[in-house]
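J.: Below: one structure in structure tokens.
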Amino acid sequence: EIPYQVQKSKLIEKIADLLNERKLPLLDDVRDESTEDVRVVLVPRSRNVEAEMLMESLFRNTDLENRFSLN
């Protein structure tokens with residue numbers, strides 16, 4: 001699920017930009033296959049990519065993980 005107040009299109013753009021800059025070496029492609037539900041497909045570079053490492057790099061470099069304060 002995409003975090004609160006994060007636009008799907010900007011998130012996909014950010015991931016695509018990181019791919020072009022070669023800052024996500026574990027990822028090969030990103031696709032938006034959304035209809036009613038939000039569905040973003042991430043294609044790993046090989047079958048041996050550890051999902052935890054891929055998600056950690058995505059959390060670090062994109063808005064997939066956000067923190068904001070609540071009163």
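J.: Between the helical axis of 51-61 and the dominant principal axis of the chain, each derived from Cα atoms, what acute angle in degrees is found, rounded to the nearest 10?
T.: Tilt of helix 51-61: around 60 degrees.
J.: Let me ask you something else. Relative contact order for the chain: what is it in percent, counting Cα pairs under 8 Å that are at least 6 residues apart? Before the final figure, lay out each step's value.
T.: Values: 63 pairs, mean separation 22.3, N = 71.
Reported as a whole number, the value is 31 percent.
J.: OK, next. Suppose R0 equals 25 Å. What FRET efficiency, 1/(1 + (r/R0)^6) with r the Cβ-Cβ distance, do residue 5 and residue 49 give to the nearest 0.05? Present the calculation step by step, with values, prior to reporting the outcome.
T.: Values: r = 29 Å, r/R0 = 1.17.
In this case the efficiency is close to 0.30.
J.: On C-alpha positions alone, give me the angle between the axis of helix 8-20 and the longest principal axis of the chain, in degrees, nearest 10.
T.: That works out to roughly 30 degrees.
J.: Gain in length, residue 31 to residue 70, computed as 0.36 nm per residue apart minus the alpha-carbon separation, to one decimal in nm? Before the final figure, lay out the partial values.
T.: On the way: separation 39, 0.36 × 39 = 14.04 nm, distance 3.28 nm.
Full extension of this stretch gives 10.8 nm more.
J.: Still on this structure: Taking neighbour counts of Cβ atoms within 10 Å as a proxy for exposure, in what order, fewest first, do 12, 2 appear?
T.: Details: 12 16, 2 13.
Going from sparsest to densest Cβ surroundings: 2, 12.
J.: At 222 nm, what helix-only mean residue ellipticity would the chain give, in deg cm²/dmol to the nearest 500, using -39500 (n - 2.57) for each DSSP H run of four or more? Each step should come with its number before you reach the end.
T.: Numbers: 2 runs with 24 residues, N = 71.
That comes out to -10500 deg cm²/dmol.
J.: What would the Debye equation give as log₁₀ I(q)/I(0) for the chain at q = 0.29 Å⁻¹, counting only Cα atoms as equal point scatterers?
T.: -1.51
J.: Restricting attention to the chain, which GluC sites (Glu not before Pro) occupy a DSSP loop and are surrounded by at most 10 other Cβ atoms within 10 Å? Kindly include the intermediate steps, with their values, before the conclusion.
T.: Numbers: sites: 1, 13, 21, 33, 36, 50, 52, 56, 65; in loops: 1, 21, 33, 36, 50, 65.
Filter output for the chain: 1, 21, 33, 36, 50.
J.: Let me ask you something else. For the chain, which trypsin sites (Lys or Arg not before Pro) are both in a DSSP coil and crowded by at most 14 other Cβ atoms within 10 Å? Kindly include the intermediate steps, with their values, before the conclusion.
T.: Numbers: sites: 8, 10, 14, 22, 23, 31, 39, 45, 47, 60, 67; in loops: 22, 23, 39, 45, 47, 67.
Hits after loop and neighbour filter: 22, 23, 39, 45, 47, 67.
J.: Right, next: In debye, nearest 20, what is the charge dipole magnitude of the chain about its Cα centre with +1 on Lys and Arg Cβ and -1 on Asp and Glu Cβ, if you could check?
T.: On the way: 11 positive and 15 negative charges, 46 e Å.
Taking the Cα centre of the chain as origin, the dipole is about 220 debye.
J.: Here's another thing I want to ask about it. Using DSSP to call loops (not H, G, I, E or B), can you name the chymotrypsin sites (Phe, Trp or Tyr not before Pro) in the chain whose Cβ has at most 11 other Cβ atoms within 10 angstrom?
T.: Values: sites: 4, 59, 68; in loops: 4, 68.
In loop regions of the chain (DSSP not H, G, I, E or B), the sparsely surrounded chymotrypsin sites (Phe, Trp or Tyr not before Pro) are 4, 68.
All of the numbers you see were taken from the coordinates with simple rules; none came from a lab. No experiment lies behind these values; they were computed from the predicted model shown. Neighbour counts are summed over all protein chains in view; Cβ atoms, including those assigned to glycine, are modelled from backbone coordinates with ideal geometry.
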